[in-house]
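Below: one structure, written as structure tokens.
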Amino acid sequence: MNAMDCIAARKSVREFDARPVEKGKLEQIVRAALCAPTGMHLYDSLHLSVLATHGAVDRFTALARKQSGDVQADPAHGAGALIVVSGKRPNMPVENANAACMIENMLLAATDLKLGSLYVFGAIHSLCGSLQEHDFRKLLNLPDEFTPLGSVALGYCAEKFEPRKEPKNNETKVDFIF
Ligand SMILES: Cc1cc2nc3c(=O)[nH]c(=O)nc-3n(C[C@H](O)[C@H](O)[C@H](O)COP(=O)(O)O)c2cc1C
């Protein structure tokens with residue numbers, strides 16, 4: 001897929017099926033994250049945790065349910081994998097921008113690989129600072145100095161993926177200044 005087609009085609013998927021995501025595809029998606037721009041080259045201020053199976057994602061879902069008190073909560077929507085991006089400087093806007101760059105690259109790589117993808121932020125944010133944070137960090141194999149900032153849910157779409165052709169967004173005001 002050419003770059004512009006891939007950018008247009010990407011859209012949020014919230015229904016995944018039971019097929020696992022192949023390790024090779026996860027490796028390509030991680031590579032896309034590592035190609036992302038990063039403020040001041042501070043690559044070591046970022047960390048990726050790859051929950052690579054439905055089983056590992058289920059452990060994340062169980063923690064999110066415990067944290068929210070909602071036994072039906074399913075923030076990863078049954079995805080076959082979840083990649084969590086963490087940073088050392090969570091209170092610095094640049095760290096969140098770095099994480100978002102990695103996440104968008106992964107969303108695009110997934111689209112190119114014909115996988116469904118979703119930016120999952122809310123549950124990650126809620127787990128940080130919650131009673132479940134310790135178990136969450138353990139699940140992510142996360143050193144103390146890192147804080148989870150966002151994530152990408154990945155998997156095979158439950159229904160045929162219809163690539164988007166035109167932007168969903170027709171509301172953001174755009175000014176061209178010459
Ligand atoms: C920073 C950010 C956080 C998001 N967090 C969530 C989330 O926690 N759960 C979710 O279902 N979607 C989440 N989304 C997906 C948005 O709802 C989605 O991208 C938006 O509605 C546009 O739709 P599209 O992705 O299909 O173009 C998030 C997107 C961004 C950029």
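All of the numbers you see were taken from the coordinates with simple rules; none came from a lab. From a predicted model like this one, the values you see are computed outputs, not experimental measurements. Every residue, glycine as well, gets a Cβ built from its backbone with ideal geometry; the counts of neighbours run over all protein chains shown.
Sorted ascending by nearby beta carbons within 10 Å, beginning with the fewest, Tyr119, Tyr43 become Tyr43, Tyr119.
Between Asn170 and Asn91, take the C-beta separation as r, use R0 = 41 Å, and let me know the FRET efficiency to the nearest 0.05. Once rounded, the FRET efficiency stands at 0.75.
Rounded, prolate or oblate: which fits region 1-102 when a ≥ b ≥ c are the square roots of the eigenvalues of the alpha-carbon gyration tensor, with rounded for a/c under 1.5 and prolate only if a/b beats b/c? Oblate shape, in that a/c is at least 1.5 and b/c is the bigger or equal ratio.
Excluding same-chain neighbours fewer than eight residues apart, the lysines reachable from Lys160 by a Cα-Cα span under 17 Å are Lys11, Lys114. Under a cut-off of 19 Å between alpha-carbon atoms, report the aspartates and glutamates in cross-link reach of Lys66, not counting same-chain residues fewer than 8 places apart. Correct list for Lys66: Asp58, Asp74, Glu133, Asp135.
First check a/c for region 122-178, with a ≥ b ≥ c the square roots of the eigenvalues of its C-alpha gyration tensor; if it is under 1.5, answer rounded, and if not, answer prolate when a/b is larger than b/c or oblate otherwise. It is oblate, given that a/c is not under 1.5 and a/b is not larger than b/c. Label-to-label distance, Gln28 versus Asp5, with points set 7 angstrom from Cα along the beta-carbon direction: 1.4 nm. Please give the net charge around Arg164, taking every other residue with its beta carbon less than 13 angstrom from that of Arg164, where Lys and Arg add +1 and Asp and Glu add -1. Local net charge: +1. Computed 3J(HN,Hα) for region 47-56, one whole-Hz value per residue from the Karplus formula 6.51 cos²θ - 1.76 cosθ + 1.60 where θ = phi - 60°, is 8, 10, 10, 9, 7, 9, 9, 4, x, 5, glycine and proline marked x.
Taking 20 °C and 1.002 mPa s as conditions, the chain diffuses translationally at an estimated 128 µm²/s according to Stokes-Einstein applied to its Kirkwood radius (Cα pairs).
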